[in-house]
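Peer 1: Structure provided below as structure tokens; questions to follow.
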Amino acid sequence: MSTIESRVFVARCEEYEHTAQAVARVLEAFGGAEGILAGRRKVLVKPNIILPRDPDDAATTHPAVVEAVCAAFVEAGAEVSVIDSTGGPHTKPTLRLLYGKTGIKKAVERSGASLSFDTSSRSVEIPDGRAVKRLELLSPVLDAELVISVAKAKTHGFMAMTGCTKNMFGCIPGLGKPNQHRKHPKRKDFAAMLVDLCQTVAPGFSILDGVVGMEGAGPTGGDPKRLNVILGGFSSYAVDVAQCYLMGLRLDSIYTIHEAASRGISPDDPGQLEWLGDDPEPLRSNFRPAIKHKDDSPPSILDNCIGCGDCASVCPQRCIAIEGGAAVVNARDCIRCYCCHEFCPQKAIALG
């Protein structure tokens, strides 16, 4: 395990108004923004802004964390831009809505960084990929000299947990994401694809917004829950192991961690981490999981469904129809990816 990057810095942070100090502590432990840059100048910050939600809903990376990270690298002389892509059409109007509603627009403007509206993408070969040999990725990600994952601590219906590794899924443009769910309907295979993706993007640093995370029906329909922490490290996998431990989730339910560990690129136990900064033990919590471990029940439609059709548009199996003003799921064809739940604006889809 000596060759695996296992350092994770823990910065206790109970309020977002103290985010800048917490992020500064994290970066300083790894040489500061200038040291992390190591001569590179073109930086892409990749937050989790999955839906146009208010940041207090805890579904997206808080703008205060994005601002602090961007400002630190701008001050170090970098050219910093920010982008993400949802599971819907990846268009400039969609990006404007995302940036505005989530508070990212004002945060990035204050930091001196810029918002990217480049919706182009390119196909990349992955000769060593276990699950995929080629992926279509956002051009701004591929053009960056340094990618920084700025993720959100959340539970997840399909992958059990959203963290720094899963955050890289947003590097695949728009409707390419449901296509990956269709190709990899089993959790283990989907996790292998995510690790292939993460290895390809190769984020040079990862930071987790865990001041307020999400428990229950994540990544968008759960409830905010305090974790009071900012985590950071060179390895997205190591940060994910620390996140899992602090959230009190079952390690055997996090398939990305096991996949990365099987490749010899990640610790597979919190005891293998080199914990830096604040004592993690007082920060440990017990987050309610999105679903029971390995539950394969199809999603169910609740009475507050308005029949908007967003679920049907992102369903990789095309097994959701709008009938009588409400969504109807064909359970026979459902692959239990839970994309419908993830993108429902009304929280009208239940898991398990």
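Peer 1: Restricting attention to region 105-136, report how many residues are touching a Gly at 6+ places or on another chain (Cβ under 9 Å) and either within 25 Å of Ala260 (Cα to Cα) or assigned to a strand (DSSP E or B) (or both).
Peer 2: Of the residues in that region, 3 qualify.
Peer 1: Kindly check whether there is at least one residue in region 279-287 that is open to solvent by less than 20 Å² (accessible area, probe 1.4 Å), closer than 14 Å to Thr165 by Cβ and within 20 Å of the chain's Cα centre (by Cα). If you could, list the steps in order and put the result at the bottom.
Peer 2: Of region 279-287, the ones open to solvent by less than 20 Å² (accessible area, probe 1.4 Å) are 280, 283, 287.
Restricting the remaining residues to those that are closer than 14 Å to Thr165 by Cβ gives none.
Among the residues of region 279-287, not one is open to solvent by less than 20 Å² (accessible area, probe 1.4 Å), closer than 14 Å to Thr165 by Cβ and within 20 Å of the chain's Cα centre (by Cα), which makes the answer no.
Peer 1: Out of all the residues in region 132-149, is one or more without any contact (Cβ under 8 Å) to a residue 60 or more places away in the chain and buried (at least 16 other Cβ atoms within 10 Å of the Cβ)? Don't jump to the end; show me each part of the working.
Peer 2: Taking region 132-149 as the starting set, the residues that turn out to be without any contact (Cβ under 8 Å) to a residue 60 or more places away in the chain are 133-134, 136, 138-139, 142.
Pick out the ones that are also buried (at least 16 other Cβ atoms within 10 Å of the Cβ) and you get 138, 142.
Yes - at least one qualifying residue is present in region 132-149.
Peer 1: In contact with a strand residue (DSSP E or B) (Cβ under 6 Å, 6 or more places away or on another chain), small (Gly, Ala, Ser) and on the phi > 0 side of the Ramachandran plot: is that true of Gly248 in this structure?
Peer 2: On the way: in contact with a strand residue (DSSP E or B) (Cβ under 6 Å, 6 or more places away or on another chain): no; small (Gly, Ala, Ser): yes; on the phi > 0 side of the Ramachandran plot: yes.
The answer is no for Gly248.
Peer 1: Return yes when Pro316 is under 24 Å from Glu215 (Cα atoms) and not in a helix (DSSP H, G or I) and no when it is not.
Peer 2: Numbers: under 24 Å from Glu215 (Cα atoms): no; not in a helix (DSSP H, G or I): yes.
Criteria not met by Pro316.
Peer 1: Does Ala76 qualify as being among the small types (Gly, Ala, Ser) and surrounded by fewer than 22 Cβ atoms within 10 Å (Cβ to Cβ)?
Peer 2: Numbers: among the small types (Gly, Ala, Ser): yes; surrounded by fewer than 22 Cβ atoms within 10 Å (Cβ to Cβ): yes.
Answer is yes for this residue.
Peer 1: Whether any residue in region 314-336 is open to solvent by less than 40 Å² (accessible area, probe 1.4 Å), under 27 Å from Ala153 (Cβ atoms), touching a strand residue (DSSP E or B) at 6+ places or on another chain (Cβ under 6 Å) and in contact (Cβ under 8 Å) with a residue 24 or more places away in the chain is what I want to check.
Peer 2: no
Peer 1: Mind checking which residues of region 150-191 are in contact with a helix residue (DSSP H, G or I) (Cβ under 7 Å, 6 or more places away or on another chain), farther than 15 Å from Thr61 by Cβ, open to solvent by less than 10 Å² (accessible area, probe 1.4 Å) and small (Gly, Ala, Ser)?
Peer 2: Those that are in contact with a helix residue (DSSP H, G or I) (Cβ under 7 Å, 6 or more places away or on another chain), farther than 15 Å from Thr61 by Cβ, open to solvent by less than 10 Å² (accessible area, probe 1.4 Å) and small (Gly, Ala, Ser): Gly157, Ala191.
Peer 1: Looking at this structure, is Glu75 more than 18 Å from the chain's Cα centre (by Cα) and either among the basic types (Lys, Arg) or farther than 24 Å from Val212 by Cα (or both)?
Peer 2: yes
Peer 1: Go through region 154-257 and tell me which strands (runs of 3 or more DSSP E), entirely inside it, have 1 or more residues that are more than 14 Å from the chain's Cα centre (by Cα) and among the β-branched types (Val, Ile, Thr). So that I can check it myself, show each step before the final result.
Peer 2: Values: elements: 160-162, 205-215, 223-233.
Passing ranges, in order: 205-215, 223-233.
Peer 1: Additional query: Looking at (1) free of Cβ contacts under 8 Å to residues at least 40 places away in the same chain; (2) surrounded by fewer than 20 Cβ atoms within 10 Å (Cβ to Cβ); (3) not in a loop (DSSP other than H, G, I, E, B), find the lone condition where Cys308 falls short.
Peer 2: Single failed check for Cys308: (3).
Peer 1: Could you check Gly222 against (1) closer than 27 Å to Pro140 by Cβ; (2) crowded, with 24+ Cβ neighbours inside 10 Å and say which number it fails?
Peer 2: Answer for Gly222: the failing condition is (1).
Peer 1: Next up: Please enumerate the residues belonging to region 162-195 that are at pLDDT 95 or above and touching a strand residue (DSSP E or B) at 6+ places or on another chain (Cβ under 6 Å).
Peer 2: Of everything in region 162-195, those that are at pLDDT 95 or above and touching a strand residue (DSSP E or B) at 6+ places or on another chain (Cβ under 6 Å) turn out to be Thr162, Gly163, Cys164, Asn167, Cys171, Pro173.
Peer 1: Can I ask one more? Of all residues in region 262-278, which are in a helix (DSSP H, G or I) and exposed (fewer than 13 other Cβ atoms within 10 Å of the Cβ)? Quick ask: steps written out before the conclusion?
Peer 2: Taking region 262-278 first, the residues in a helix (DSSP H, G or I) are 262, 270-272.
Gly271 - this is the single residue of region 262-278 that is in a helix (DSSP H, G or I) and exposed (fewer than 13 other Cβ atoms within 10 Å of the Cβ).
Peer 1: Filter region 82-117 down to residues that are closer than 25 Å to Leu37 by Cα, touching a Ser or Thr at 6+ places or on another chain (Cβ under 8 Å) and either open to solvent by 60 Å² or more (accessible area, probe 1.4 Å) or touching a residue at least 60 places away in the same chain (Cβ under 8 Å) (or both), then give me how many there are.
Peer 2: 2
The values are calculated or read from the model by the stated rules, or taken from the named source; none is laboratory data. Predicted model, so just to flag it, every value in this text is computed and none were measured. Please note: Cβ atoms are built from the backbone with ideal geometry, for glycine as well, and neighbour counts cover all protein chains shown. Areas reflect the complete protein model, heavy atoms only, side chains present, ligands, DNA and RNA absent. Shrake-Rupley method; radii C 1.70, N 1.55, O 1.52, S 1.80 Å.
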